[in-house]
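The values are calculated or read from the model by the stated rules, or taken from the named source; none is laboratory data. For clarity, every value in this text was computed on a predicted model and none was experimentally measured. Ideal geometry is used to build each Cβ from the backbone, glycine not excepted, and the neighbour counts take in all protein chains shown.
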Amino acid sequence: MVSILERLEQEPYGALSAHSEAKEISIEEVTQKVREKMLEHHADLIIEARMSRDKRREVVTLISNVIISSDLYVPRLTRQDLAERIAQEICGLGPLDELLDDERVTEIMVNGPHEVFVERDGVLEATSVKFQNDRHLLDIINRIVQSAGRRVDISIPYVDARLPDGSRVNAIIPPLSLNGPVLTIRRFPRRYTELSQLVGVNTLEPEVADFLRNCVENRLDMVVSGGSGSGKTTTLNVLANAASPNERIIVIEDSAEIKIPGHHVVYLEARPKNMEGKGEVSIRDLLRNALRMRPDRLVIGECRGKETFDLISAMNTGHEGCLSTVHANSAADCLERMVGMALMAEEGVPVDILRSWIGIGVDVIVHVEKDFGGHRVVSGVSLVGNKPGEGLTHFHVYRRGHGLRLDFPSWFVEKIGERRCNSLAKGASR
């Protein structure tokens, strides 16, 4: 038996009788009226609903009651549709909710109120999603960043933040942005944890997966390189999960993304400055502290600055099995970027010494790319070391489409020892 309230909620407004006294006003006006009443009587529930879908359904029911009791309506919308639209604006992220509900969407790019693009299944495409105006979009942006204790306004016109599900958010507003407010949300799909899963989606070839597993098990220091959105963090996550469950792993990130279930793990996350410009805790601060926490293995989500010097130092002082990522176009570029970023620390170490330390510390570079179809692949694996007479160098043991080479150069065999070289080749030759 359907209740009268349920019938009213589902009934199109076109079915209203000619004697109805319902007031026809814009959806913006209806939203504002309902917002005021909901905040007056149910403020705590609205806050909870911003974090819980179950609470969101409660809010939709209450909004429906307000719409009916206040005799409000908007043409061409049922009460249920109107209630859900208003709930999006009050509790959710407005027009973005439908995109965030799509698991295939990995990136949302809002270029002003009337232009929204997404990356779906690795391919960039335009959407029909629009905001009412700059102010509407700015309200959504502030709702996002305020939950992380940040704000964006003329005095602070750009900001980084994070959604409760871990998605990374960047916003920049006029006068710096000429498009109006611009919002970028990097979402993280189901995180792979096994090398076999990357093999299953054709990101990684089976023999290369075996080789990389052997590298992790032999505690080689590894860096994953690649461009933005190429799959570096996913690859790093899988490599970290290949470590022994008996190791104590310290994970350090700007924004928590890496998950290593079933292991002895301590997760540390950097903290940006607060609204007063104080309280910042950088990756470098956390890395230096982590060295006092008896780590068996360090995992740094990304090296992008001064912390590179400390990671290289750790690699050279007995901390084996370190894992990190670097934005770079190739293995050679990765090494040069590490040199440049280490110099940013201004520790007074000559560049030749830094290059030598990188050759001693870093053992393997795994390079990942995104092809034109949006598919992520491990395109190369290189060994790193100091070649006599040449200094810092690398040697490709794998290039996609050319198979895996296990004839390691003599300088690399001398660096890690014959026993570990034999162990790397075990099971990887097919």
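Inside the stretch 332-430, counting only helices (runs of 4 or more DSSP H) that do not spill past its ends, which hold 3 or more residues that are touching a Gly at 6+ places or on another chain (Cβ under 7 Å) and over 20 Å from C322 (Cα atoms)? So that I can check it myself, show each step before the final result.
Values: elements: 351-361, 410-416, 418-425.
No helices (runs of 4 or more DSSP H) qualify here.
For S356, indicate whether it is exposed (fewer than 15 other Cβ atoms within 10 Å of the Cβ) and touching a residue at least 24 places away in the same chain (Cβ under 8 Å).
On the way: exposed (fewer than 15 other Cβ atoms within 10 Å of the Cβ): no; touching a residue at least 24 places away in the same chain (Cβ under 8 Å): yes.
Spelling it out, it is not the case that S356 is exposed (fewer than 15 other Cβ atoms within 10 Å of the Cβ) and touching a residue at least 24 places away in the same chain (Cβ under 8 Å).
Which condition breaks for S379 when tested against (1) over 20 Å from T233 (Cα atoms); (2) in contact with a Lys or Arg (Cβ under 6 Å, 6 or more places away or on another chain)?
Every condition holds for S379 apart from (1).
Give the residue, chosen from N133, N179, N170, N111, that is polar (S, T, N, Q), within 26 Å of V59 (Cα to Cα) and either touching a Phe, Trp or Tyr at 6+ places or on another chain (Cβ under 8 Å) or at pLDDT 90 or above (or both).
Numbers: N179 fails: within 26 Å of V59 (Cα to Cα); N170 fails: within 26 Å of V59 (Cα to Cα); N111 fails: within 26 Å of V59 (Cα to Cα).
Answer to the selection: N133.
Check I249, I283 and return the single one that is closer than 23 Å to V366 by Cβ and modelled with pLDDT under 95. Outline the logic, then answer.
On the way: I249 fails: modelled with pLDDT under 95.
Result of the check over I249, I283: I283.
Evaluate the stretch 322-340: report whether one residue or more is in contact with a strand residue (DSSP E or B) (Cβ under 6 Å, 6 or more places away or on another chain), in the same structural domain as L212 (by TED's automatic domain parsing) and within 17 Å of I416 (Cβ to Cβ).
yes
Looking only at the stretch 61-94, how many residues end up being without any contact (Cβ under 8 Å) to a residue 40 or more places away in the chain and under 30 Å from the mean Cα position of the chain (by Cα)?
Qualifying residue count, the stretch 61-94: 3.
Among the listed residues G348, G417, identify the single one that is out of contact with any Lys or Arg (no Cβ under 7 Å at 6 or more places or on another chain), over 29 Å from V251 (Cβ atoms) and either surrounded by fewer than 17 Cβ atoms within 10 Å (Cβ to Cβ) or assigned by TED's automatic domain parsing to the domain that holds L291 (or both). Working first, answer last.
Details: G417 fails: over 29 Å from V251 (Cβ atoms).
Testing whether each residue is out of contact with any Lys or Arg (no Cβ under 7 Å at 6 or more places or on another chain), over 29 Å from V251 (Cβ atoms) and either surrounded by fewer than 17 Cβ atoms within 10 Å (Cβ to Cβ) or assigned by TED's automatic domain parsing to the domain that holds L291 (or both) leaves just G348.
Which residues, taken from the stretch 338-384, are out of contact with any helix residue (DSSP H, G or I) (no Cβ under 7 Å at 6 or more places or on another chain) and of a type in the set (G, A, S)?
Correct list: G340, G348, S356, G359, G373, G374, S379.
Which of the numbered conditions does S379 fail, given that it passes all the others? Conditions: (1) buried (at least 17 other Cβ atoms within 10 Å of the Cβ); (2) among the small types (G, A, S); (3) free of Cβ contacts under 8 Å to residues at least 12 places away in the same chain.
Unmet condition: (3).
Which numbered condition in (1) in contact with a strand residue (DSSP E or B) (Cβ under 6 Å, 6 or more places away or on another chain); (2) modelled with pLDDT of 95 or more is the only one that R219 fails?
Just one mismatch for R219, condition (1).
Does the stretch 232-254 contain at least one residue that is within 21 Å of I358 (Cα to Cα), of a type in the set (D, E, K, R), touching a residue at least 40 places away in the same chain (Cβ under 8 Å) and outside the structural domain of R168 (by TED's automatic domain parsing)?
Checked the stretch 232-254: at least one residue is within 21 Å of I358 (Cα to Cα), of a type in the set (D, E, K, R), touching a residue at least 40 places away in the same chain (Cβ under 8 Å) and outside the structural domain of R168 (by TED's automatic domain parsing).
Being assigned to a loop (DSSP other than H, G, I, E, B), small (G, A, S) and crowded, with 23+ Cβ neighbours inside 10 Å is the filter here, so list the residues in the stretch 293-331 that pass it. Steps first, please.
Just the residues of the stretch 293-331 that are assigned to a loop (DSSP other than H, G, I, E, B), to begin with: 293-296, 301-306, 316-322, 328-330.
Retained after the next criterion (residues that are small (G, A, S)): 301, 305, 318, 321, 328, 330.
Once the filter is applied, which keeps residues that are assigned to a loop (DSSP other than H, G, I, E, B), small (G, A, S) and crowded, with 23+ Cβ neighbours inside 10 Å, the stretch 293-331 yields G301, G321.
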